[in-house]
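Since every read-out is calculated from the coordinates, none of them should be taken as a lab result. This is a predicted model, so every value here is computed, not measured. All Cβ positions, even for glycine, are placed from backbone atoms using ideal geometry, and neighbour counts span all protein chains on display.
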């Protein structure tokens with residue numbers, strides 16, 4: 001079932017929770033809505049489900065205008081962050097609930113409901129726990145029951161609201177892999193909300209990055225990580241260092257120092273790079289140079305905090321554990337991969353830019369993308 | 001503190017929040033003494049006073065026609081007031097616990113009004129509303145409906161006074177439970193009624209039962225408001241508490257305490273019922289709360 005969200009807006013009182021959002025989801029896709037809290041991702045999910053009514057815009061399930069339908073008629077499987085299992089029903093009764101409340105004409109026989117529930121219990125690998133009450137299950141088990149219950153009604157789409165948000169790290173990782181398997185087996189079009197970028201990148205076919213009620217970028221995990229469309233996405237996904245720079249004479253400048261990074265256009269801009277995508281240089285004519293103000297061990301690498309230039313811009317870079325640079329007080333380096341965006345509020349750089357034609361990106365294209373190896 | 005307690009002794013405590021055995025014994029004794037003086041002794045006094053002249057006199061006071069009429073009226077009033085407040089209480093708690101709307105805080109205050117206002121005033125309100133000087137009273141009277149100094153007035157006053165019990169019990173419960181369960185049921189295709197019947201109601205059933213029992217106890221025991229609207233017509237508009245007062249004022253102590261013992265027994269039965277239910281369904285209640 002494809003989903004098409006067209007110009008959907010949602011206001012809560014006077015505050016807009018979602019500004020004119022459009023999004024197309026292909027049949028069978030696993031989509032992550034990723035964003036910080038308050039970005040509108042849960043609101044968008046609830047609008048798709050019909051738990052909220054949009055202030056404007058429409059939601060299509062295939063050719064069917066779902067915004068005209070009630071939540072019951074939409075036939076969506078919705079999984080809640082805190083499970084929302086019916087506490088007075090056994091696991092099997094929970095799973096069978098959606099079937100047992102159907103109108104008499106469409107309701108399967110009691111034995112059939114039970115058989116379906118048992119089948120789903122097997123699917124979520126909880127066979128034998130059917131007679132338990134939700135309170136007698138662990139968090140991870142409860143979420144599996146919640147998913148089985150959502151699957152029982154043969155949903156047209158599966159919607160999950162921070163499904164692993166209330167679970168601890170290890171269980172979360174297991175369930176992530178397990179959800180991917182279930183998705184591949186059942187083939188439901190699935191949309192899940194998360195604020196955990198790792199979860200979104202690992203699990204989703206495509207990631208929808210949201211901020212302040214807007215969609216900032218839609219793309220595969222590779223696209224949003226390697227080619228963030230806007231500074232927000234660069235900052236939000238993965239780790240980022242940023243330095244305000246100037247474009248002149250076909251390259252980037254920090255104060256009066258040329259950085260040896262080519263760029264087109266002119267004017268104020270912001271350089272973004274990832275701490276692990278840098279190479280340390282032993283002195284240079286064109287590079288970034290800074291004073292080491294801090295150093296800490298980070299799993300397999302050492303992370304250095306630097307202050308750059310007269311503005312003492314703080315950036316972070318990773319160096320190998322044994323690298324001699326870790327003990328120096330001055331370090332020169334150059335990003336291997338970087339992105340340049342026009343400085344906020346400065347239109348001149350943007351107009352001078354040569355936007356790279358990149359499909360999938362909905363927001364302003366960045367000034368330049370270079371990679372030297 | 002000149003004498004410092006020897007260090008190892010402090011270590012004998014089971015946990016940081018537990019007290020020494022002496023302090024514990026003292027606190028428990030204090031609580032028991034207070035309970036005995038304030039609760040247990042008066043209750044025993046009622047029963048001993050009721051049986052002072054023997055079981056025969058006790059029984060005679062109870063099967064006397066006016067007493068029987070008072071018992072019947074009390075039960076009738078409770079039979080109206082409790083179901084009405086069951087429905088109103090659930091509806092009010094549902095609205096407050098599950099929806100956001102303007103004036104919600106005001107509505108909560110309004111629900112508390114019967115608790116904060118003296119029962120006598122609650123009764124007087126109905127006298128003002130339905131009395132001969134009011135607009136409604138003469139109109140209803142001309143259509144043959146007596147409210148004041150009749151059963152409808154007593155029921156109304158009792159409903160007013162006992163309104164908060166069920167609502168108050170359910171509001172915090174429903175607010176805490178939120179709307180996720182209902183949303184889950186709706187997304188699974190359940191209708192509004194099915195959701196209420198299969199999801200909301202089971203979630204609140206213990207709180208509801210508790211509220212109903214308290215509401216019932218108060219409905220049978222209400223004195224002030226009922227006293228104002230009843231008119232004290234023997235055998236007609238006297239509930240048990242009013243009947244007891246009349247007997248008492250006539251220095252008919254034995255009969256007064258006999259009826260009082262029956263009223264107290266009704267309250268005790270209510271409490272025993274509640275405890276029995278709690279014991280019977282302890283596991284289930286824990287499961288519901290602990291989720």
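When chain B is modelled as a GNM with alpha-carbon springs shorter than 10 Å, which of B:112, B:181, B:66 fluctuates the most? Top of the fluctuation ranking is B:181. For chain A, the mean projected area of the C-alpha convex hull, equal to one quarter of the hull surface, is 22.3 nm². Put in order of Cβ neighbour count within 10 Å, fewest first, the listed residues B:220, A:210 become B:220, A:210.
Under a Gaussian network description of chain A, with springs only between Cα atoms under 10 Å, the residue in A:88, A:276, A:195 that fluctuates furthest is A:88. Divide the volume of the convex hull around the Cα atoms of the range A:109-230 by the residue count and you get 126 Å³ per residue.
Expressed in Å, the radius of gyration and Dmax of the Cα atoms of the range B:1-153 are 27.1, 85. With a ≥ b ≥ c taken as the square roots of the eigenvalues of the C-alpha gyration tensor of the protein assembly as shown, please select rounded if a/c is under 1.5 and otherwise prolate if a/b is larger than b/c or oblate if it is not? Because a/c hits 1.5 or more and a/b exceeds b/c, the protein assembly as shown counts as prolate.
The sum of -39500 (n - 2.57) across all DSSP H runs of n ≥ 4, divided by the residue count of the protein assembly as shown, sets its helix-only mean residue ellipticity at 222 nm to -14500 deg cm²/dmol.
In terms of the Cα gyration tensor, with a ≥ b ≥ c the square roots of its eigenvalues, is the range B:151-255 rounded because a/c is under 1.5, prolate because a/b exceeds b/c, or oblate?
Since a/c reaches 1.5 and a/b is larger than b/c, the shape of the range B:151-255 is classed as prolate.
Report, in degrees rounded to the nearest 10, the 0 to 90 angle that the Cα long axis of helix A:110-123 makes with the longest principal axis of chain A. Helix A:110-123 sits at roughly 30 degrees to that axis. Only Cα pairs under 8 Å and 6+ residues apart enter the sum, and on that basis the relative contact order of the range B:96-191 stands at 38 percent. How tilted is helix A:139-152 with respect to the longest principal axis of chain A? Cα atoms for both, answer in degrees (0 to 90, nearest 10). The answer is roughly 60 degrees.
Considering only A:81, A:212, A:170, the Gaussian network model of chain A with Cα springs below 10 Å gives its largest mean-square fluctuation to A:170. Let me make sure I get this right: for the range A:1-143, a, b and c are the square roots of the gyration tensor eigenvalues over alpha carbons, sorted descending. Under 1.5 in a/c it's rounded, otherwise prolate if a/b > b/c, else oblate. Which is it? It comes out prolate by the Cα gyration axes.
Ranked by the mean number of other Cβ atoms within 10 Å per residue, highest first, peptides B:37-48, A:174-185, A:153-164 order as A:153-164, A:174-185, B:37-48.
For chain B, what's the relative contact order in percent, using C-alpha pairs closer than 8 Å and at least 6 residues apart? So the answer I get is 29 percent. Peptide B:202-213 has a mean shielding of 1, counted as Cβ atoms of other protein chains within 10 Å of each residue's Cβ.
Shielding value for A:91-98 is 2, the average number of Cβ atoms from other chains within 10 Å of each residue's Cβ.
The range A:24-85 and the range A:90-125 have Cα centres separated by 24 Å. All C-alpha pair distances within the range A:31-91, sorted into 10 Å bins from zero, spread as 19, 45, 28, 8, 0 percent across the bins.
Compared with the dominant Cα axis of chain A, that is its longest principal axis, helix A:91-100 is turned about 70°.
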